[in-house]
Structure formats: C-alpha cells, structure tokens
Amino acid sequence: MPKPFYITTPIYYVNDRPHIGHAYCTIVADVIARAHRLMGEEVFFLTGLDEHGQKVQQAAQAKGVTPQEFCDQMAPHWEQLWPKLLISNNDLIRTTQPRHKQVVQTILQKLYDAGEIYTSEYEGWYSTRAEQFLTEKEMGPDGKFPAEYGEVTRLKEKNYFFKMSKYQDWLINYIRDNPGFVYPDYRRNEILGFLQKPLGDLCISRPASRLAWGIPLPFDAGYVTYVWFDALVNYVSAAGYGSAEFEQRWPADIHLIGKEILLFHAGYWPIMLKAAGIPLPKQIAAHGWWTRNGQKMSKSVGNVVDPVAIVEAWGADALRYYLLRELPVGSDGDWADTNFERRYNGELANDLGNLVNRSLSMINRYCKGVVPQPAVPDPLDDELRALAAATAKRFPERVAKLELNALLNDIWDFIRRCNQYVDQCAPWALAKDPSKAARLGTVLYSLAESCRVISILLTPFIPVTAEKIRRQLAIADAPAVLIEAELWGMLVPNRPLGEVAPLFPKKQ
Ligand code: ME8
C-alpha cells in the first residue's frame with residue numbers, strides 16, 4: 001500500500017468551547033484532506049483533544065468532578081461538532097487514551113536512556129495559565145509579564161530537562177535547507193528570527209505534588225509530563241508509533257496549526273523527533289487568526305462566533321465556503337456578518353446557485369428533462385471547455401501550495417464565465433427558432449457539462465452542495481474524482497436529469 005497523505009490539526013484544549021477559530025483550522029484541514037482524496041490518494045486525517053494539564057485539573061476541581069470525568073463531559077462538545085461541519089477525519093485522539101500515554105512514556109524512556117534528559121534544580125517565574133516557566137525573554141519593557149500569562153509566581157523545584165539547546169544549530173540549518181518545511185514563507189522567517197536567541201533546554205516535568213493530572217514520567221513517578229511535550233506526541237501516537245502501521249503512515253505531510261503555536265511545532269517538535277530518531281513531518285503550515293468586526297474574539301467581550309449557530313442558520317457549506325474564500329491560508333481574517341451574507345447571496349446563491357438552476361431548468365423546459373445530444377461546437381463552446389480543463393489541471397498545484405482561496409477564485413472565474421456564456425448564447429432565444437435546435441442542444445449540453453466539472457472541483461470545499469449538483473445531474477452514484485473534471489463529454493446524452501431544485505435559498 002502507498003503511504004497515505006497524513007494531515008493533522010492541533011489537538012484542542014478540551015476545557016474550551018469550540019469557536020470559529022477552531023472550526024476554521026479543522027475545516028481548512030478537511031478541505032485539504034478531501035482534495036487529496038479527490039485526487040485519488042489515501043488520506044489519514046487526524047484531529048484530537050488535549051486533556052492534561054493544570055487548567056483541566058482546576059476546572060474539574062471547581063466542578064467537583066475528577067479530571068477524567070471533566071474531560072469525558074467536555075469531549076462531546078468537540079466530537080459532536082465535527083460532523084456538523086462535515087469534517088471527514090479518520091481518527092480523533094484524546095491524550096487520556098492508553099494508546100497515547102504509552103507512546104509518550106516510550107519516547108520519554110528512550111530519550112532518558114539516550115542521555116537526552118537530566119535533572120536540575122530550577123528557580124524561576126511560573127505561569128499557571130501558560131503552564132510554563134518564564135524568563136526575561138517573556139518580560140515586557142516595564143519588567144512585568146504580559147497579561148496573557150495570567151498570574152505569575154516564583155517557584156523553586158527540581159525538574160527534568162530535555163537537552164534541546166544542543167540541537168538548535170541543527171534546526172536552524174534544517175529550516176534553511178528545507179524551504180518548504182515551514183509555511184508560509186513569512187512564518188519561516190519568523191521562526192528563524194526566533195532561533196537567533198538561545199532556545200535553552202526544555203523543562204519537561206511537573207512535580208506530581210503540584211500537578212497530578214498528567215502522564216507520569218516512566219523513570220520517576222513523582223513527576224508528570226509537561227503538557228506540551230505530551231500533546232505534541234499525539235501526532236505519532238495516533239499514527240500507531242511502534243507498529244507496522246506507523247511505518248506506513250509517518251511522516252505526517254502537514255501539521256496544520258494556528259500561528260501562535262509555531263514555536264512548539266517548528267521548534268520543539270522537530271528537536272524532540274530528531275533526538276528520538278523519528279523522521280520529521282514534511283510541513284508545518286501556520287494559518288492566521290480570525291477576529292470579529294476587528295476585535296479579538298473572547299468570551300468576556302461576548303463576540304465569539306459560534307460555528308453551530310452559523311451552520312443552523314446558513315448550512316455547513318456556506319460556513320466552509322466563507323472561511324476558505326475570504327482569505328489565503330496564513331493571513332488573518334475578520335469575521336463580519338455583512339460580508340458573510342454578501343458572499344452567500346452574491347457568490348453562492350447568485351453565481352453558483354443560479355448557474356446550476358437555470359442551466360438544468362432549461363434542460364427541463366426545452367429538452368424534456370433529458371441531457372441533450374451536443375452537435376458541432378462553436379468557438380464559445382471550445383473556450384468554455386478549455387477553461388474547464390485548465391481550471392481542473394491547475395487544481396493539484398493549487399492544493400500542493402495550499403492556495404485554497406486562489407483555487408476557489410479559479411473556480412469562480414469559471415462559474416462567472418459560464419454565466420456569461422448563458423447570456424451570450426441566450427438559449428431562450430434559440431428555443432424559439434426550430435432551425436436552431438442543434439445549437440440549443442449543444443449550448444445546454446455545454447452547460448450541464450460545466451455543472452458536472454464544477455461539482456467535482458467544489459467537492460472538497462462544499463461537499464453537500466457538490467453532491468446535490470451531482471444528484472440533479474443524475475450522476476451521484478459514482479464518487480467525484482478529479483481526473484473526470486479534466487475530461488469533457490462525460491455526461492451521457494439522452495439520460496434524464498434528477499430533480500432540479502435551488503441550491504441556496506436566498507436570504508435577506
Ligand atoms: O493550543 N482564529 O489548543 P487550543 C483562528 N492544545 N484559529 C484559532 C483561533 C482564532 N481566533 N483561536 C483558536 C492548543 N484557533 C493546544 C495545541 S497541538 C499539539 C496542542 C485554532 O484549543 C488555531 O488553529 O488553544 C490554534 O492553533 C488552535 O485553535 C489552538 O487550539
């Protein structure tokens with residue numbers, strides 16, 4: 001079996017309620033996963049939940065339940081969200097699962113045995129919120145730590161440290177020599193800039209007396225594993241580290257993450273893997289942040305966009321479309337309700353919805369609902385056909401470069417060209433003249449073929465709508481495959497259409 005295309009999202013903190021930012025990352029990963037499936041590849045798409053650490057322990061205490069009970073109560077908020085967003089993940093890892101704990105302990109033991117871990121007495125500033133020791137690097141010019149670290153206290157502890165600093169030069173060279181490793185380019189420059197300063201060794205333990213909710217160190221039961229060390233390992237534990245399956249799946253092709261956790265993924269993680277003798281993932285891709293009407297989303301401000309509310313009001317496809325069309329992967333975006341509605345009404349309902357609806361309705365009206373037989377094409381048909389093929393041909397390269405919003409722009413250029421073609425060819429006028437029957441058949445066939453091509457190209461982005469188009473064309477029995485978008489003439493003439501219905505009801 002060939003190696004599957006392996007893509008991951010971050011594992012989200014189980015104690016949060018999912019909002020549009022989490023939905024965004026998982027939807028982008030889903031579009032990439034579906035695009036690779038459409039290209040005929042086997043895909044392993046992983047998401048998951050980060051369940052250890054102080055925040056969970058504290059939240060559970062406040063609720064009077066055990067941390068495990070707390071996680072089990074919170075996990076369904078996440079597990080139930082993904083199907084609503086049409087997420088096609090193959091696995092969902094929870095860091096409290098035995099399969100994960102075992103692998104974390106195996107890797108820790110391996111590093112310990114290899115002399116990559118040592119103990120040291122450490123005194124420093126500690127942020128409970130960030131669950132990390134802070135140094136002067138994090139301190140602001142006013143001598144205070146930024147508010148995002150919450151309460152910072154002085155701690156003196158014996159802890160275990162991972163010898164990260166000795167790999168710093170290796171990492172810098174690796175990132176320089178592998179320009180595609182960190183995406184986009186400006187994030188690669190950011191991490192290289194960051195690596196100008198010494199990384200230091202990583203404190204990978206927390207005394208169990210202070211924090212019990214974590215994976216015990218295999219070589220010292222008095223300590224649990226630092227939550228980030230635990231969390232990053234999910235990418236290999238879910239892939240079945242230690243089994244034959246792992247050799248098949250690993251390395252991951254893309255770790256998709258938000259820009260704020262770049263250092264963990266492009267700094268700590270490659271070093272952990274290198275030290276453990278595990279190959280590196282091929283790419284760390286960092287996306288940007290969504291704000292709402294220019295403001296950072298936060299529960300206290302009350303401006304959080306709830307993905308479930310959007311799905312209930314507009315449908316999952318509309319949400320997926322907006323998030324992907326609005327910005328390139330990497331850029332920040334601003335959620336503006338008016339903008340969402342404008343794209344829904346203008347691009348989904350008008351451009352796409354009308355094209356499919358009027359094309360197929362005309363086949364109903366003028367051809368008794370049967371796909372017409374095309375006759376000799378004229379230059380307008382040739383042009384439409386060439387644009388369809390060119391759009392489909394560009395698809396793999398766009399996906400490989402994560403140019404998903406540019407890919408949607410390409411598809412919409414084609415959709416708009418099709419609408420223009422309708423106006424130029426005016427089938428309603430041709431229908432009035434019996435001598436133009438052959439031309440009418442050709443025009444309507446070209447339109448039905450265009451709808452077929454569009455349904456394939458849109459499958460990763462708006463899978464429900466793509467399927468609806470295919471049902472209306474009566475071709476939903478066969479799965480969409482990209483190669484068929486490059487071929488013109490796949491629709492069999494003289495076959496009846498399915499039931500034709502509007503794709504996107506207009507909303508005011
Ligand atoms: O960091 N805009 O989990 P997390 C866009 N458990 N994306 C956003 C966003 C926003 N406003 N807010 C969150 C953690 N995200 C760790 C990860 S991985 C080994 C451990 C997305 O629940 C974005 O992808 O805080 C970000 O990286 C992720 O949610 C963080 O989720």
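The values are calculated or read from the model by the stated rules, or taken from the named source; none is laboratory data. Just so it is clear, the model here is predicted, and its values are computed rather than measured. In this analysis, Cβ positions are derived from the backbone assuming ideal geometry, glycine residues included, and neighbour counts consider all displayed protein chains. Side chains included, ligands, DNA and RNA excluded: accessible areas come from the protein's heavy atoms. Shrake-Rupley method; radii C 1.70, N 1.55, O 1.52, S 1.80 Å.
Overall, the accessible surface of the chain at a probe of 1.4 angstrom is composed of carbon and sulfur to the extent of 52 percent. Ellipsoid fit via the Cα gyration tensor, the range 178-294: semi-axes of 26, 20, 15 Å, each the root of five times an eigenvalue, largest first. Only the Cβ atoms of Lys and Arg (+1) and of Asp and Glu (-1) were treated as charged; on that basis the dipole of the chain about its Cα centre amounts to roughly 700 debye.
Just the accessible area per residue of the chain, please: how many Å² with a 1.4 Å probe? Walk me through the numbers before you get to the answer.
Details: 20950 Å² over 508 residues.
Value returned for the chain: 41 Å² of accessible area per residue.
Where the only charges are on Cβ atoms (+1 Lys, Arg; -1 Asp, Glu), what is the dipole of the range 336-486 about its Cα centre, to the nearest 20 debye? Mind showing how you got there, number by number?
On the way: 19 positive and 19 negative charges, 78 e Å.
I would put it at about 380 debye.
Entry note, the chain: relative contact order of 16 percent, from Cα contacts under 8 Å with a spacing of 6+ residues.
May I have the count of lysine pairs in the range 336-486 with C-alpha atoms under 24 Å apart, counting pairs 8 or more residues apart or located on different chains? Taking the range 336-486 as the scope, the lysine pair count is 5. Ordering Asn409, Ala431, Gly346 by Cα displacement along the dipole of the range 336-486 toward the positive end leaves Ala431 in first place; charges were set at the Cβ atoms of Lys, Arg (+1) and Asp, Glu (-1).
Longest exposed-loop-site-free stretch of the chain, with chymotrypsin sites (Phe, Trp or Tyr not before Pro), DSSP loop and at most 16 other Cβ within 10 Å?
For chymotrypsin sites (Phe, Trp or Tyr not before Pro) (loop position, at most 16 other Cβ atoms within 10 Å), the longest site-free span of the chain is 290-508.
For a test of the definition: using alpha carbon positions, the gyration tensor, and the 1.5 limit on a/c, classify the range 1-136 as rounded, prolate or oblate. Verdict is oblate for the range 1-136.
For the range 336-486, what's the relative contact order in percent, using C-alpha pairs closer than 8 Å and at least 6 residues apart? Before the final figure, lay out the partial values.
Numbers: 129 pairs, mean separation 44.9, N = 151.
Computed value for the range 336-486: 30 percent relative contact order.
The ellipsoid that matches the Cα gyration tensor of the range 336-486 has semi-axes, each √(5λ) in whole angstrom, of 26, 17, 15, with the longest given first. Only Lys, Arg, Asp and Glu carry charge here, each on its Cβ (+1 for the first two, -1 for the last two); on that basis the range 153-268 has a dipole of about 540 debye about its Cα centre.
Quick check: from the Cα gyration tensor, does the range 267-311 come out rounded (a/c under 1.5), prolate or oblate? Note, shape of the range 267-311 comes out prolate. Going by a ≥ b ≥ c, the root eigenvalues of the Cα gyration tensor, does the range 109-245 fall in the rounded group (a/c under 1.5), the prolate group (a/b larger than b/c) or the oblate group? In terms of gyration-tensor shape, oblate.
Only Cα pairs under 8 Å and 6+ residues apart enter the sum, and on that basis the relative contact order of the range 1-78 stands at 41 percent. To the nearest ten degrees, helix 98-113 and the longest principal axis of the Cα atoms of the chain are 50 degrees apart.
Summing Lys, Arg as +1 and Asp, Glu as -1, what charge do residues with Cβ under 14 Å from the Cβ of Asn357 carry, Asn357 excluded? Intermediate results must be reported in sequence, preceding the final value.
Details: positive: Arg358, Arg365, Lys468, Arg471, Lys506; negative: Asp351, Glu499.
So the surrounding residues net to +3.
Counting only Cα atoms, the chain measures 93, 46, 41 Å along its principal axes, largest extent leading.
From the alpha carbon centroid of the range 79-153 to that of the range 468-508 is 47 Å. Partners of Lys163 within straight-line reach, counting lysines whose Cα lies under 27 Å from its Cα and excluding those fewer than 8 residues away in the same chain: Lys55, Lys101, Lys110, Lys137, Lys197, Lys259, Lys274, Lys282.
The loop-placed GluC sites (Glu not before Pro) in the range 1-81, going by DSSP, that have at most 15 neighbouring Cβ atoms within 10 Å of their Cβ come out as Glu41, Glu42.
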